[in-house]
Amino acid sequence: MDFGLNEEQRMIVETTRAFVETELYPHEQMVERTGHLPMELIKEIQGKAMAAGLYAANMPVEVGGAGLDTLSWLLYEKELGRANYALHWTGVARPSNILLAGNADQRGPKKLITAFFVDKGTPGFTVRDGYRNVSHRGYTNCVLEFDDCRVPAANVLGKVHKGFEVANSWLGATRLQVASTCLGRADRALALAIAYAADRKQFGQAIGKFQGVSFKLADMALELKAADLLTREAAWKLDQGTVTDADMAMAKLKATEVLAMVADEAIQIHGGMGLMDELPLERIWRDSRVERIWEGTSEIQRHIISRELLRAVGG
């Protein structure tokens, strides 16, 4: 495995990071304070993302995407992860890879899925606004209600009775996506902590020179590096066709728990300033909590890992 980036991957990182800093960062405070992402802003960001070649970049070329390999896609996700979740998820939309199980006639932006497609407006199918929560302000999961809702056979996603296989393949990739966006946020939090530790003076010297702070920075960087390497390895193995459920579970588990640690320590280094909404740290800290829950809790990831270890010896 080559840990270096090729020219195309470096371009992806640079282009995505520039887009995030220029087009997404300026709107973060508004979305965080209002908890709302206006449709006109979504359309504006989507238009710019399309012009930059970033919209739906995770999809294959034949359906209008960029056809990125897994590592390139996760590098792209990591850069997007630096920004407010609602802005980077809704504004720079990446259709779920579960859609690839559908046929050409089933691919459209107004479809919602369970184990099959259900058209908006189908009798018995209602979409309600989701619940507000402490994480990812501006991003809301909708509540889908089904009451005697009938769906035609043409809307089956994948094969009949094979819905679990479709969902399982989707979950593996989304766990790597979650890992990557967590790495992006942790990178941003660590960078802020390093800059503050180098600039803030106490007792005649920068606080970064005190072991109470410098050792925190070292541990943050160490754990973040480990999480990054686990995620890159899983991405590489996915492209090689050798990835296991445990590989993806390890990446998701490590990255989400590292983000929580890095966000918390970054706030500790900043002191009271870390909790002020002038900085993105309190938002990163809040957002980190949900990452250990969705796409499989930390406990589920540990179950997946231990199950694979025990199966290897017949346990």
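One table, with the values for the structure above:
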| read-out | value |
| --- | --- |
| Which labelled figure in (i) 135; (ii) 162; (iii) 177 is volume of the Cα convex hull per residue in Å³, once derived from the coordinates | (ii) |
| Filtered chymotrypsin sites (Phe, Trp or Tyr not before Pro), region 176-231: DSSP coil and at most 10 other beta carbons within 10 Å | F203 |
| Total formal charge among the other residues, if their Cβ is under 14 angstrom from that of R292, Lys/Arg +1 and Asp/Glu -1 | +1 |
| Loop trypsin sites (Lys or Arg not before Pro), region 249-315, which have at most 11 other Cβ atoms in a 10 Å radius of their Cβ (DSSP) | none |
| Angle in degrees between helix 39-51 and the longest Cα principal axis of the chain, rounded to the nearest 10 | 90 |
| Distance from region 273-315 to region 174-213 (C-alpha centre basis), Å | 19 |
| Computed over region 163-311, Cα set: Rg, Dmax in Å | 17.3, 63 |
| Neighbour-count ranking [beta-carbon atoms within 10 angstrom, fewest first] of I293, I194 | I293, I194 |
| Residue-count net charge about L183 - beta-carbon cut-off 14 Å; Lys, Arg +1, Asp, Glu -1 | +1 |
| Length-normalised contact order of the chain in % [C-alpha pairs under 8 Å, at least 6 apart] | 17 |
| Viscosity 0.692 mPa s, temperature 37 °C, Stokes-Einstein D of region 7-95 from Kirkwood C-alpha radius, µm²/s | 251 |
| Listed pairs K43/K237; K78/K159; K43/K159; K159/K237 exceeding 29 Å between Cα atoms | K43/K237; K78/K159; K43/K159 |
| Positive minus negative residues near L24 (Lys, Arg vs Asp, Glu; Cβ under 11 Å) | -1 |
| Degrees, to the nearest 10: 281-291 long Cα axis against longest axis of the chain | 40 |
| Calculated [θ] (222 nm, deg cm²/dmol) that DSSP helices of n ≥ 4 give over the chain, each run adding -39,500 (n - 2.57) | -17500 deg cm²/dmol |
| Which of T181, T242, T231 has the fewest Cβ neighbours within 10 Å, and the rest in rising order | T242, T181, T231 |
| Residues of type aspartates and glutamates that K252 reaches as a straight line, Cα spacing below 18 Å, ignoring anything fewer than 8 places off in the same chain | E77, E79, D187, E223, D228, E233, D239, D287, E291, E295, E299, E308 |
| Proximal aspartates and glutamates relative to K209, as straight alpha-carbon distance under 19 Å, when same-chain residues fewer than 8 apart are discounted | D199, D219, E265 |
| ³J(HN,Hα), Karplus 6.51/-1.76/1.60, whole Hz, each residue of region 202-211, x for Gly, Pro | 9, 6, x, 8, 4, 5, x, 7, 7, 4 |
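Since every read-out is calculated from the coordinates, none of them should be taken as a lab result. Since the model is a prediction, treat every value here as computed from it, not as a measurement. Cβ sites come from the backbone with ideal geometry, for glycine too, and all protein chains shown count toward neighbours.
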